[in-house]
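S.K.: One structure is given below, represented as structure tokens, and several questions about it will come after.
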Amino acid sequence: VLQKPLVNENTKPVEIKLHTQQRAVKRAIFNYSVATKLYLMEQQKKQAEKLQKMIEEEEVRLLRKEMIPRAQLMPLFDRPFFPQRSTRPLTVPRQPSLRIMSGKCSSCFSGCDSYSFQHSEAH
């Protein structure tokens, strides 16, 4: 005959303290601080851009004020311009010296033997 095991007393559940609620609160605070930081950075960036734009507009306004188009002065018709002939001597043309190169080199440059033959006969 098998004996029945003794009936244990009812077990009481142990309360487990999870940190999820605390972590959720900390995470919410962290997310809020990050969002606030990003918002402040964006506001500073917008303010800096606005200031830069105002400075540039002021510079453009000053440049436009300085660069007022002015008419050219009228020429003096009481003293007309008479061009004078130059006193420099005229340029004397020179013949190019083509005989510096030897006949062998000129045939190398010409690339055609008949040209070098005709060239040598001409001289």
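Rule-based calculations on the coordinates, nothing more; no lab input. Quick caveat, the model's predicted, so the values are computed rather than measured.
S.K.: Any chance you could run the full-extension gain for Gln95 through Ala48? It's 0.36 nm times the residue separation minus the Cα-Cα distance, nm to one decimal.
M.R.: 9.7 nm
S.K.: If you don't mind, there's one more thing I want to ask. Work out from phi, with θ = phi - 60° and the Karplus expression 6.51 cos²θ - 1.76 cosθ + 1.60, the ³J(HN,Hα) of each residue of the stretch 42-54, listed in order in whole Hz, and give x for Gly and Pro.
M.R.: 5, 5, 5, 5, 5, 5, 5, 5, 5, 5, 4, 5, 5
S.K.: Same structure again: What would the Debye equation give as log₁₀ I(q)/I(0) for the stretch 23-80 at q = 0.12, 0.22 Å⁻¹, counting only Cα atoms as equal point scatterers?
M.R.: -0.61, -0.89
S.K.: Straight distance only, please: which lysines reach the Cα of Lys65 with their own Cα at less than 20 Å, same-chain residues fewer than 8 apart left out?
M.R.: Within the straight-line cut-off, Lys65 pairs with Lys53.
S.K.: Hey, what do the phi angles of the stretch 28-35 turn into as Karplus ³J(HN,Hα) couplings, whole Hz, using 6.51/-1.76/1.60 and θ = phi - 60°, x for Gly and Pro?
M.R.: Result, rounded to whole Hz: 5, 4, 4, 4, 5, 5, 5, 5.
S.K.: Still on this structure, I have one more. Which whole-Hz couplings ³J(HN,Hα) result when phi for each residue of the stretch 72-85 is put into the Karplus expression 6.51 cos²θ - 1.76 cosθ + 1.60, θ = phi - 60°, listed in order with x for Gly and Pro?
M.R.: Each residue's phi maps through the Karplus curve to give 6, 5, 6, x, 7, 7, 6, 10, x, 8, 10, x, 9, 6 Hz.
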